[in-house]
1. Given a cut-off of 18 Å, name the pairs among LYS177/LYS299; LYS134/LYS299; LYS176/LYS244; LYS185/LYS342 whose C-alpha atoms lie farther apart than that in the structure shown.
2. Using a 10 angstrom cutoff on alpha carbons, build the Gaussian network for the chain and name the most mobile of VAL71, VAL198, VAL44.
3. Could you give the length gained by full extension between GLN314 and THR222, i.e. 0.36 nm per residue of separation minus their alpha carbon distance, to one decimal place?
4. Calculate, for the range 53-148, the solvent-accessible area per residue in square angstrom, rolling a 1.4 angstrom probe over the heavy atoms of the protein chains.
5. In degrees, nearest 10, range 0 to 90: what is the angle between the Cα axis of helix 2-27 and the longest Cα principal axis of the chain?
6. Remind me, what semi-axes does the range 277-348 give for its equivalent ellipsoid, largest first in whole Å, using sqrt of 5 times each Cα gyration tensor eigenvalue?
7. Along the range 294-301, what does the Karplus equation 6.51 cos²θ - 1.76 cosθ + 1.60 (θ = phi - 60°) give for ³J(HN,Hα), rounded to whole Hz, x for Gly and Pro?
8. Can you pull the one-decimal nm distance between simple spin-label points at ASP364 and GLN150, each 7 Å off the Cα toward Cβ?
Amino acid sequence: MARVKQFMRMTRLIIIPLFVLFLAACGGGGDSTGSGNNVKDDRVFNWKMVTTWPPGFPIFQEGAESFARQVRTMSGDRLNILVYAGGELVPPLQVFDAVSQGTIEMGHGSPYYWAGKVPEAQFFSSVPFGMTAKGMNAWLYYGGGLDLWQEVYAPFNLVPLPMGNTGMQMGGWFNKKINTLEDIKGLRMRIPGLGGKVFKRAGGNPVLMAGSEIYTALERGTIDATEWVAPFHDQRLGLNRAAKYYYYPGWHEPGTMFELIINSNNWNELPDDLKQIVETTALAVSQTIYSQMEYYNQKALQEIHQNSHIELLQFPDEVLQELQAMTLETLDEEAAVNPAFKRVYDAYRNFRNQYMQWTRLSEDAYQDILRGQ
Ligand code: CA
């Protein structure tokens with residue numbers, strides 16, 4: 001034992017000084033280490049971020065505020081972002097323009113809000129019968145989707161980054177059962193975007209309405225049905241008190257992606273380390289928002305289950321198949337007259353078709369087994 005201890009002591013005597021020498025060689029060499037510029041760019045950036053969310057809106061607005069706090073901490077107070085909810089500085093639907101024009105440096109929302117200006121932006125958000133959050137992440141980060149998105153936004157002086165996903169949404173709240181496509185005819189439903197267009201093609205009457213007006217409209221019968229998000233947000237809006245039937249799945253929004261948009265002049269001004277902090281924090285917040293959605297939705301679903309007057313119903317397969325066929329018609333019609341839309345649609349569709357082959361024999365096959373239990 002004594003010999004072993006003596007050997008260990010000798011080893012330490014030799015190895016430790018060698019290690020110290022090695023560290024000195026690495027750390028003392030300045031630029032020769034390849035770690036980049038050691039001269040710190042200590043400029044301070046005081047920015048504003050506007051969002052499309054109502055003040056205090058759980059998970060979404062909270063996510064934007066958490067992003068700003070994390071960036072400030074990691075940058076050592078060099079990038080300070082003041083976050084304003086929708087309407088506090090600019091109306092929610094003017095976020096894109098405000099950041100594009102450079103009045104505001106950053107924004108948080110979802111690309112499909114700008115469908116009137118950039119129809120192809122919807123593919124970076126969510127399209128009916130499109131990809132879920134997992135497929136969207138794979139396409140955007142590794143399948144060329146984000147490059148395409150950045151190209152689409154470049155003419156508007158905007159740099160987009162994914163920052164959040166709602167996960168699968170619910171089909172919505174109804175006071176009338178949907179047994180066949182006939183039941184959709186004449187139905188007044190709050191359902192925006194491409195989902196609304198498809199709903200109209202099916203004979204429905206899509207209504208546009210801000211979140212704050214939905215509960216009263218449904219309760220008073222101004223509308224017959226509404227979609228919003230999923231159990232957690234729907235329950236907070238009180239929709240479970242205004243309708244009897246809660247339908248699934250959210251065919252019209254299978255995984256809505258959120259965006260962080262940055263004015264490109266402001267982005268170009270940032271030193272590389274701050275750019276890296278923004279990109280990495282956006283990635284982290286994206287994961288946080290998606291995980292929170294999955295957690296709080298399952299929790300809220302338990303509460304809805306316990307509420308005996310709500311009936312949870314799945315849309316009949318036949319209705320979903322018909323809506324899917326109408327979705328393809330709607331997308332093809334737009335692609336036929338809009339080359340920019342077609343370009344993004346083709347890229348999205350190619351990836352989706354390939355990705356579906358993988359999900360069918362991985363997650364889908366696995367879920368089929370679980371359903372049988
Ligand atoms: Ca929705």
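The values are calculated or read from the model by the stated rules, or taken from the named source; none is laboratory data. Not measured: the values here are computed from a predicted model. A quick note on method: Cβ atoms are made from the backbone with ideal geometry, for glycine too, and the neighbour counts reach across all protein chains shown. The area values use the complete protein model at the heavy-atom level, side chains included, leaving out ligands, DNA and RNA. Shrake-Rupley method; radii C 1.70, N 1.55, O 1.52, S 1.80 Å.
1. Among LYS177/LYS299; LYS134/LYS299; LYS176/LYS244; LYS185/LYS342, the Cα-Cα distance tops 18 Å for LYS177/LYS299; LYS134/LYS299; LYS185/LYS342.
2. Result: VAL44 has the largest fluctuation of those listed.
3. 30.7 nm
4. Result: 38 Å² of accessible area for each residue.
5. 70
6. Working through the eigenvalues yields semi-axes of 33, 27, 7 Å.
7. Those phi angles translate into 5, 5, 6, 5, 5, 5, 5, 4 Hz.
8. 3.2
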